[in-house]
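The values are calculated or read from the model by the stated rules, or taken from the named source; none is laboratory data. This structure is a prediction, so every number in the text was calculated from the model and none was measured. Cβ placement follows ideal geometry from the backbone for every residue including glycine, while neighbour counts extend to all protein chains displayed. Ligands, DNA and RNA are stripped out before the accessible areas are found, and what is left, the full protein with its side chains, is counted by its heavy atoms. Shrake-Rupley method; radii C 1.70, N 1.55, O 1.52, S 1.80 Å.
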Amino acid sequence: METSFTLAGLASQLLVGLSRAMILFIVSSGLSFILGVLRVPNVAHGSLYMIGAFAAHTIAVAFEGSAAGFWLAMLCAPLVVAVISLVAERLLFCHLYEREHLMLLLFTFALMLILGDLTKMTWGADYRSIVAPPLLQGSVPVLGTAFPRYNLFLLMVGPLVAIGLWLLSTKTKFGKIARAAAVDREMVGAIGINVSWVFAFAFVLGCLLAGLGGALVSPTISITLGMDHSIIIEAFLIVTIGGLGNIWGAMVGSLIFGITQSVGVLVLPQFAIVFPYLAVVVILTLKPTGLLKSVW
Amino acid sequence: MLEVQGIHTYYGLSHILFNVSLKVQRGQVVCLLGRNGAGKTTTLKSIMGLVPPQRGRVRLNGEDVNGVEPYRLARKGIGYVPDDRRIFADLTVGENLEIAARPVPGSEGWTKERVYELFPPLKPMDSRRGGLLSGGEQKLLAIARALMTNPQLLLLDEPTEGLAPIMVKIFEERIRRLKELGLTVLLAEQNLKFTLGLSDYGYIIDNGRIRCEGPVAELVDNEEVRRICGI
Amino acid sequence: MKRQHALKASLILMAGCWIISALLLPAPAAARNIKIGIVDTYSGPPAVFGNDALNGFKMAVNEINKQGVLGNKIEFVTRDDKFKVDIGLNMAKELVLKENVDLIVGTVNSGLAMAVSDAVAKKEKIPFFTWMGKSENITGKAGHRYVFSTTENTAMAGKAAATVLAKKPIKKIWVAGDDYEYGHALDESFSRYMKQLKPDVEFIGKTWWKVGEPDLVPYFTSIQAAKPDLIHFCTGGASMANVLKTIKTTGINQKIPIYIHTAIDYAVLKPLGTEAPEGVMGTMDYLFYYPELSSNQKFVKEYQALYKAPPGFPAFHAYTTAYLIAEAFRQAGKIDREKFIDAIEGLKVDTPVGKVEMRACDHQAVYPILFGTTKISKEYGAAVATDIMTLRGAEVMPSCEEIQAARK
Amino acid sequence: MVKNILRTPSFLWTAAVLLVLLLVPFIAGRFYVYILAVIFVWGLLAMSLNLLVGHGGAYQFHHGAFYGVGAYTAGLIITKTALPAWIGLCAGPVAAAFTGLVVGAFCVRLNKLYFGMLQISLGSLIWILALRWYSLTNGDDGIHGIPMPDLLSGSVPAYYFILIVVSVCLALMYLILKSPFGATLRAVRDNPQRCQAVGINVRRHQLLGIVIATFFAGVAGVLFVVLEGSVFPDMLFWVLSLEIFIMCLLGGWFTFFGPMLGAAIMVALRTFVGSYTEYWTLILGVVLILLIFFLPDGIMGINFRTWLRNRERRRSTDVVR
């Protein structure tokens, strides 16, 4: 079989891998943040991603697909998710932080089942799709191949989120407290900080990122029920190979995931999906606690 | 200022403290002496609300604080310095202090600068990660961090444990400074000599029970105290 | 002490027997309506098909019940299989063994259709109709007396497309699609008939991506570089929108002709609005706006009044299924499975698009296949099919001899 | 010894239940016979997981993979080779245990969540294999209509076969848990460091535990084939694995029969609630959350907990005195 193993092909493949990695990063950094600060393996994260996409669609449709509607959707859909997660946290999660990880995992799985059904009740089963604003439609030539503008946009948003998270965790008091709480929540309480609200904010922030990921991905895919199943497992694996709770680890993991898969397409198209999983196996065999330092 | 009345504390199902009572007057340094595993740390944790006692009472300034969450106690003016330091290892020394800062409106209060004045060795380490500090430095930092919350009462758990004698001297001197500044201190220790010069009053704890109490000078002469403290 | 335990144990034993027998004795048979069990997907992405089919079925049953069948009515119960084979099997057995349904219909999931066909229909001798499972194996290789298909299948789609495309100057074909049974089946049948009709075509490459793959651009890049004369995308469901979107973004349709089965489906094109790519060739067995027969217009109008949306192909299939079933029972004269099957073989019923026959040799409903090309329509605010060609069912179906050969 | 066992109340109870179950096909409708068989298969699967999770404390996140391997092995041998069906049925558990050995060898080096994640990764590789290898596995459609030996065809013979095999497996599991190995497994769960310190090879014990548990998972997989005559890739998907966890949680982690009860609840919920509403997963989710809040040890865990509490209270009052 004749393949297009050219330099240009490889470069464009890498670019695509990178832009895919950005979505994965945004989602998994939220998961990682929650894992790091709250120690909750949040399986419902994927559901929030899905809700983010559906909410973005509803908002965009309310503005009849105008550019303003699109930008508003990107802004507001994560906020919708944040509100949902705040309710879930204050109502349910905040009573369970002391439980075993396994219990928390099953609890969030239960939440995923519930959110999945609620999404279906709210939005129904139809496929949906958002149209990107004219500015981001079409493609630009990169190294002789057409590269979609929207992917370029993603390539810009990803690093922005990363920088934002970095600033938040190193420059703000909340970030510092969150990092301290990740290591020793009891002691943070003992210096007069209400850890419960720190946790609530950390949880909401993480979920906000899931919602943002869902909103950002929505113009590139069809929004359907069941989106949550595939993203959550990928996000978990990314977080694991990066080092639990380490946001830069999430970045590294996402890049590995995105790039191994898109390069895998060039090498062995039928089994491209295998490459990221193989990468996980290799990494965890060589470095059992992930590439970067884990807070666990 | 602080009054502990007959508390019983459990770790899970095991009973650790039996009917422990003690009192700390404003401006005093009171010490709680006992061997390893005698229940000193548990007593302090019970006061701080980290391991709430199941029976008995803790009063702060006459107010019942049973079952109050630790962060509220901290805001009510208790500073806690754990024996294992529990520095936030990922944060720099400066950040460790910053997140604890809780300025009291209308009064001078502790700031990073004042704390560095009191503990000069910390100043050059402002941007070093807490986890990289030596044990002694971490102990200083733990006290400094507790001071940043502007406490009226400081719970100090074994500040001298594992320190070189020269460091112990420094600590003694610093704690005296704090007392002069009007801070009330409850000091859990097994180093009798260290506490001797500092404390106004002492309690001896063994096997989770208070064995005897009195001014420190008297305690030193007590035969039982010597036995319990292993001197 | 010991005796006490023995006593207790035997008491439990007796109580257990009593409770079970009291609870579980089969319920006495009531006066007979015809009872149909529906196992279909009402959650997850394929729910959109399941719901559409259910709507069409409900509408038909309401119409049929106005006259009644054999002096009684048709009633139905639904079960959600969650697109999972084990749950679906569980539900199908429950319907047959507990609800005592007379026949089973449903299943978007063609894997489940095969499982039900074998483990329930064949073993329990219960007629089973799939109205959405498009694998040609259901009524082909794995067919038997008790399984029926009232949907077009991959063999029909492939043969129809090959019939049209073989007449065009196409030599090099690239195949790309979702890596699942349906995708592979589409590829297999199209390739088979294309080679039959035009032996010099060459399949120069294949690309399979995982179902639900969000980013298809990289695959497109490598396909475009190979410069085929035609790309055959084997996809469906939620992925179809992805493929069409990527076609639009990369503009690949302006350089290379593209054929996709069901690409002209309105349910697929509508969410894309005016962003749908034009000039994509597709096949379909039902379009609500074509042919412009009065019967079809009436069907669409009534459906739209009920469900606020035009009927998709699942609704049409389910509607047809209901009429086939009702008519077969009328012909059989009583509620008897074997008589029912004898009656339905070769039966023809009126549907919105004309007569549809249930072919006797393989139990496959005979539908005409429509071949069209996408074009944005102002009227619908979305792309629709234009230049529609109709291929008669008999032309595009595998012959009875082929089926017999395959079943051996 | 044997006499003593025969006279224990729990044995009598078990025997009574078993007798009732043997009589079921004579008194109950065929559907209930089928549902009971489904419960046995799932229950065996859940109990095999519980061997590792409840008794061994391992984060076995992708147990479904081994269930699937067992089923696929049986299905493939029966449909693709000329070997007798019985060989396929026997090969399933062996293949599952072997896969367990390989996967386990990778995983036991890791702790807790990392263990689970690596397992999900490896399990997903197996899942992809089943999904992708069309020529062998028939892809996402799976293999259907797997013929069974004459002895097992028909739902009642299949029921008896499943009942007998599951009973034997449960007896074996019970013996394993009562054995020194079972005690070690629990000790490792409660305090791996201490076990390491007293010279127990923790990893080797965990690995052996995994092999045993995956063997039983393979048995469950084979029984599924006997019952349904089908295999499909969903059996290896990670969501199923979490569902098995849920069964353990529902019934109770720290009890022997808990997971079986959990499986029964799950099947009942799915079958009977599922026939009223398509939102039964919502109900399952709510039930789970209530359970986690109020009965974290599962339904059969209730007694165990109060018993433990009473015992400890007795002890602690002793100390006070």
Among (1) more than 14 Å from chain A (Cβ to nearest Cβ); (2) under 22 Å from B:Thr160 (Cβ atoms); (3) surrounded by fewer than 23 Cβ atoms within 10 Å (Cβ to Cβ), the one test that B:Thr43 misses = (3)
message = Looking for something free of Cβ contacts under 8 Å to residues at least 40 places away in the same chain, open to solvent by 10 Å² or more (accessible area, probe 1.4 Å) and acidic (Asp, Glu) - is there at least one such residue anywhere in segment C:302-316?
response = no
remark   = Selection from segment C:136-159 of residues crowded, with 24+ Cβ neighbours inside 10 Å and small (Gly, Ala, Ser) yields C:Ser149, C:Ala155, C:Ala157, C:Gly158
note = The condition of being within 14 Å of chain D (Cβ to nearest Cβ), out of contact with any helix residue (DSSP H, G or I) (no Cβ under 7 Å at 6 or more places or on another chain) and either in a loop (DSSP other than H, G, I, E, B) or closer than 24 Å to C:Ser110 by Cβ (or both) holds, among C:Asp200, C:Asp187, only for C:Asp187
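Every residue, every condition in (1) assigned by TED's automatic domain parsing to the domain that holds C:Thr320; (2) free of Cβ contacts under 8 Å to residues at least 24 places away in the same chain; (3) under 19 Å from C:Val116 (Cα atoms); (4) of a type in the set (Val, Ile, Thr), yes or no:
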{"residue": "C:Pro46", "(1), (2), (3), (4)": "yes, no, yes, no"}
{"residue": "C:Ala53", "(1), (2), (3), (4)": "yes, no, yes, no"}
{"residue": "C:Met59", "(1), (2), (3), (4)": "yes, no, no, no"}
{"residue": "C:Lys66", "(1), (2), (3), (4)": "yes, yes, no, no"}
{"residue": "C:Gly71", "(1), (2), (3), (4)": "yes, yes, no, no"}
{"residue": "C:Glu75", "(1), (2), (3), (4)": "yes, no, no, no"}
{"residue": "C:Thr78", "(1), (2), (3), (4)": "yes, no, yes, yes"}
{"residue": "C:Val85", "(1), (2), (3), (4)": "yes, no, yes, yes"}
{"residue": "C:Ala92", "(1), (2), (3), (4)": "yes, no, yes, no"}
Matching entry among D:Leu131, D:Leu163 (being touching a helix residue (DSSP H, G or I) at 6+ places or on another chain (Cβ under 9 Å), over 25 Å from C:Val211 (Cβ atoms) and open to solvent by less than 40 Å² (accessible area, probe 1.4 Å)) = D:Leu163
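Does segment D:55-87 hold any residues that are over 30 Å from A:Phe236 (Cα atoms), surrounded by fewer than 24 Cβ atoms within 10 Å (Cβ to Cβ) and not aliphatic (A, V, I, L, M), and which are they?
D:Thr79, D:Lys80, D:Thr81, D:Pro84, D:Trp86
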query = Just for segment C:40-73: of the residues that are over 14 Å from the mean Cα position of the chain (by Cα) and β-branched (Val, Ile, Thr), which one is nearest to the other protein chains (Cβ to nearest Cβ)?
reply = C:Val61
task = Restrict the check to segment C:372-390 and report whether at least one residue is more than 30 Å from C:Glu275 (Cα to Cα), open to solvent by 40 Å² or more (accessible area, probe 1.4 Å) and in contact (Cβ under 8 Å) with a residue 12 or more places away in the chain.
result = no
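One line per residue, one yes/no per condition, for (1) assigned to a helix (DSSP H, G or I); (2) open to solvent by 10 Å² or more (accessible area, probe 1.4 Å); (3) in contact with a helix residue (DSSP H, G or I) (Cβ under 8 Å, 6 or more places away or on another chain):
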position	(1), (2), (3)
B:Ser127	no, yes, yes
B:Gly131	yes, yes, no
B:Glu137	yes, yes, yes
B:Ile143	yes, no, yes
B:Ala146	yes, no, yes
B:Asn150	no, yes, no
B:Leu155	no, no, yes
B:Met167	yes, yes, yes
task = Go through segment D:243-264 residue by residue and tally those that are modelled with pLDDT of 85 or more, within 14 Å of chain A (Cβ to nearest Cβ) and open to solvent by 10 Å² or more (accessible area, probe 1.4 Å).
result = 1
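Conditions tested, residue by residue: (1) under 19 Å from D:Leu175 (Cα atoms); (2) modelled with pLDDT of 80 or more; (3) more than 10 Å from chain C (Cβ to nearest Cβ).
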{"site": "D:Asn4", "(1), (2), (3)": "yes, no, yes"}
{"site": "D:Arg7", "(1), (2), (3)": "yes, no, no"}
{"site": "D:Trp13", "(1), (2), (3)": "yes, yes, no"}
{"site": "D:Leu22", "(1), (2), (3)": "no, yes, yes"}
{"site": "D:Phe26", "(1), (2), (3)": "no, yes, no"}
{"site": "D:Phe31", "(1), (2), (3)": "no, yes, no"}
{"site": "D:Gly43", "(1), (2), (3)": "yes, yes, yes"}
request  = Just give me the residues in segment C:80-126 being facing chain D (nearest Cβ under 7 Å), open to solvent by less than 10 Å² (accessible area, probe 1.4 Å) and not in a helix (DSSP H, G or I), in sequence order.
outcome  = C:Asp80
query = Somewhere in segment C:279-300, is a residue within 16 Å of C:Leu54 (Cα to Cα), open to solvent by less than 10 Å² (accessible area, probe 1.4 Å), within 19 Å of the chain's Cα centre (by Cα) and touching a residue at least 40 places away in the same chain (Cβ under 8 Å)?
reply = no
inquiry  = If I ask for residues that are part of a loop (DSSP other than H, G, I, E, B) and open to solvent by 20 Å² or more (accessible area, probe 1.4 Å), which ones from segment A:120-167 would you list?
reply    = A:Gly124, A:Asp126, A:Tyr127, A:Val131, A:Gln137, A:Gly138, A:Leu143, A:Gly144
query = Which of the residues spanning segment A:223-247 are over 15 Å from C:Lys210 (Cα atoms) and at the interface with chain C (Cβ under 10 Å from one of its Cβ atoms)?
reply = A:Ile223, A:Thr224, A:Leu225
query = Among the residues of segment C:224-238 satisfying the criterion of being surrounded by fewer than 24 Cβ atoms within 10 Å (Cβ to Cβ) and more than 7 Å from chain A (Cβ to nearest Cβ), which is nearest to C:Glu152 (Cα to Cα)?
reply = C:Gly237
message = Considering only residues that are within 11 Å of chain C (Cβ to nearest Cβ), polar (S, T, N, Q) and surrounded by 20 or more Cβ atoms within 10 Å (Cβ to Cβ), which ones fall in segment A:248-277?
response = A:Gln261, A:Ser262
Matching residues in segment D:197-212 - criterion: being more than 21 Å from D:Leu101 (Cα to Cα) and either touching a Gly at 6+ places or on another chain (Cβ under 6 Å) or in a helix (DSSP H, G or I) (or both) = D:Ala197
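Kindly establish whether B:Arg85 is open to solvent by 50 Å² or more (accessible area, probe 1.4 Å), under 26 Å from B:Lys23 (Cα atoms), touching a residue at least 24 places away in the same chain (Cβ under 8 Å) and within 15 Å of the chain's Cα centre (by Cα).
Spelling it out, B:Arg85 is indeed open to solvent by 50 Å² or more (accessible area, probe 1.4 Å), under 26 Å from B:Lys23 (Cα atoms), touching a residue at least 24 places away in the same chain (Cβ under 8 Å) and within 15 Å of the chain's Cα centre (by Cα).
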